[in-house]
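Just below is one structure, and these are the notes that go with it.
The values are calculated or read from the model by the stated rules, or taken from the named source; none is laboratory data. Remember, predicted model here, so these are calculated numbers, not experimental data. Virtual Cβ from ideal backbone geometry, glycine too; neighbours counted across all protein chains shown.
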Amino acid sequence: MLEQVPARYLVPEEDLLPRASLRSFWVDERWVDCLLDGAFSAARLLGVRHALDRLLFQELRAAAVAPLGVPGVDPSSIQRTGLLLRSELVSGWPDIQIDGYGVAGLAPDQTPAVGSRRAVLRRSRLADDTLLVVFRGQASTLDIHPNPEALHHALHRSGGAWAVFPRSVDPSDAGSRPTTPVSVPMAPGGDSIDVEAAFGVFSAWRDHPELLALQLIDGVPRLRVELA
């Protein structure tokens, strides 16, 4: 997936990928053919050796799309899309994750449909602050987030106090959050939750500690980007 293509061929001018920017692209198979043809032209064989030249070209072309292999489908017909991210996020969070989905129009907290996630064909750092990701298929929506290695408390500052935005436990809209926060009582000193008082606030889940934990624990923050 373009592993041996110099970065200056992918981004010939710095202005095409300024700092703190994200650029999406799709792989043009004709461009790939021209790239390989240019590489072969350095030692092009003519005359009786021309057939060997074309054979080697075809073998290399087949190897270039082999990772796309789907039974019964011409690999060259499978679209490849990707992105280039140049940001301090890349250098500051080396394990940052970028998930691509083949659906558009998702709400910020909407879970993408099962099967819409795109497989990652390549993920490489071209520079300390530049990341290249190539997906199989069209990625219309991106979720950018830290590596989910830990859970975090769901407390947020609201009007000078700590509060949470309760998640719905209704199966029809599980996980959605209202816009109105619920204040969480804190123990004297303000550095820990007053558990007994909190049970009163969240009385609906008093007998269901797993649901209480659902309200007070968050995963990693995510940034959702829809590609034009």
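Can you name every residue in segment 2-31 that is hydrophobic (A, V, I, L, M, F, W, C), closer than 14 Å to GLY82 by Cβ and in a loop (DSSP other than H, G, I, E, B)?
LEU2, VAL5, VAL11, LEU17, VAL27
Among the residues of segment 197-211, which ones are under 14 Å from PRO185 (Cβ atoms) and either surrounded by 12 or more Cβ atoms within 10 Å (Cβ to Cβ) or within 34 Å of the chain's Cα centre (by Cα) (or both)?
Scanning segment 197-211 gives ALA197, ALA198, PHE199, VAL201, PHE202.
Listed here are the residues, each with its yes/no results for (1) surrounded by 12 or more Cβ atoms within 10 Å (Cβ to Cβ); (2) in contact with a Ser or Thr (Cβ under 9 Å, 6 or more places away or on another chain).
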{"site": "PRO6", "(1), (2)": "no, no"}
{"site": "TYR9", "(1), (2)": "no, no"}
{"site": "PRO12", "(1), (2)": "no, no"}
{"site": "LEU17", "(1), (2)": "yes, yes"}
{"site": "ARG23", "(1), (2)": "yes, no"}
{"site": "ARG30", "(1), (2)": "no, no"}
{"site": "LEU35", "(1), (2)": "yes, no"}
{"site": "ALA43", "(1), (2)": "no, no"}
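Can you tell me which residues in segment 105-131 are assigned to a strand (DSSP E or B) and either among the β-branched types (Val, Ile, Thr) or closer than 22 Å to VAL220 by Cβ (or both)?
ARG117, VAL120, ARG123, ARG125, THR130, LEU131
Out of all the residues in segment 32-45, which are in a helix (DSSP H, G or I) and among the aliphatic types (A, V, I, L, M)?
Scanning segment 32-45 gives VAL32, LEU35, LEU36, ALA39.
Out of all the residues in segment 172-189, which are closer than 16 Å to ALA213 by Cα and at pLDDT 75 or above?
Passing the criteria: VAL182, SER183, VAL184, PRO185.
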